Amino acid sequence: MVVMMHGIQFSEGPIPDEFPERNFMEDLASPGERPDARVITIDKHGAISGHVALWWKETPEHEGSRVGAIGGFHAATPDACGQVLDAACERLTQAGCRLAVGPMNGNTWRRHRFIIESNGRGSYFMETRHPAAWPCWWRDAGFSELSRYRSAALPLDGNRTVSAETMQRLAARGVTIRPLDMTRFDDELKTIFELSLTGFPENFLYTPIEAPEFFGAYGKIRPHLDPDFVRIAERDGRPCGFVFCMPDLDATKRGEKPALIVKTLAVDPASRRFGLGSVLVDDVQTIAHAKGYREAIHATQNETNNVSRITGRHAATWFRRYGLFAKTLPRVSI
């Protein structure tokens, strides 16, 4: 359904087939991500000048406030940005939300965050990309940073940073580490999915993801995986942690020597106190060095996350900072 409100188009439900620039909007926020509504602004030439997708039915709370997510963002000008964000906040307020958060396509499993600082290093595979002015436009529209993330590069020299005592302690508890088994790829993805559900609930703005969406996202990068760069830890034969890494394909396209991207790390809560996360990262980085990699990227870590402490133990250089933005919404008078 498409309706008009204050000269702005609101679309709730599937986008009609005949709707102008439908494919463009679906690239920003796919139907599979199930947005609850879209807001579209049109310029005097009939082209889309602003677009956002909105989520409020399956979003988390933050400090007792109901969150409305603003994702699928596009704006051609600062005025278009202000107009589409104001309209988005009005719709989220009507839905009973008290905090608008974005850019975030419904949850933190999907596209979210803006780059807010950079040293000019080239983008890495699957990293956020957007016009540099967009964060400033959001600030001008009344949004401020809710959380920050960083990406860091660190040299690989083949030396382990985890003590022998830590390794021995894990071995004494029956912990072993193995590579991804590509012959059982679907079963291995199920293992990683289940570990993600147990290892991520304490993450900022965490919401669970449904299995088909998870399998679809990870299945797309299957051709690019080196099984040695996905390490799965098991304790007495039961999975208890994993680290998921892959080569920086963007660097390869630019003719540069690729770094190893340390993309995801999750450890079952019962195994964290043993230093398993540090061992998994150390293990995969040692293997990468043996394969000729001389640098690793620890990607998009929340600055308050435990994983960032692992990065801090290495001679890491931060090269990118990201922000997730928020704006408090008024209460609806009854």
Can you name the residue in segment 139-159 that is part of a strand (DSSP E or B) and among the hydrophobic types (A, V, I, L, M, F, W, C) and is also farthest from F319 (Cα to Cα) among such residues?
L146
Just to be sure I understand the filter: pairs with C-beta atoms under 8 Å, separated by 6 or more residues or on different chains, first member in segment 264-281 and basic (K, R), second member part of a helix (DSSP H, G or I). Which pairs pass?
R272/N306
At least 2 residues that are open to solvent by 20 Å² or more (accessible area, probe 1.4 Å) and either over 17 Å from Y124 (Cα atoms) or among the small types (G, A, S) (or both) in each: list the helices (runs of 4 or more DSSP H) lying fully within segment 168-269 that qualify.
185-199, 211-219
Residue among G142, G199, G158 that is touching a strand residue (DSSP E or B) at 6+ places or on another chain (Cβ under 8 Å) and on the phi > 0 side of the Ramachandran plot
G142
Across segment 53-85, which residue is surrounded by the most Cβ atoms within 10 Å (Cβ to Cβ) among those that are of a type in the set (V, I, T) and within 18 Å of the chain's Cα centre (by Cα)?
I70
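The values are calculated or read from the model by the stated rules, or taken from the named source; none is laboratory data. Just so it is clear, the structure is predicted and the values come from calculations on it, not from any experiment. FYI the Cβ positions are ideal-geometry reconstructions off the backbone, even for glycines, and counts take in every protein chain you see. The area values use the complete protein model at the heavy-atom level, side chains included, leaving out ligands, DNA and RNA. Shrake-Rupley method; radii C 1.70, N 1.55, O 1.52, S 1.80 Å.
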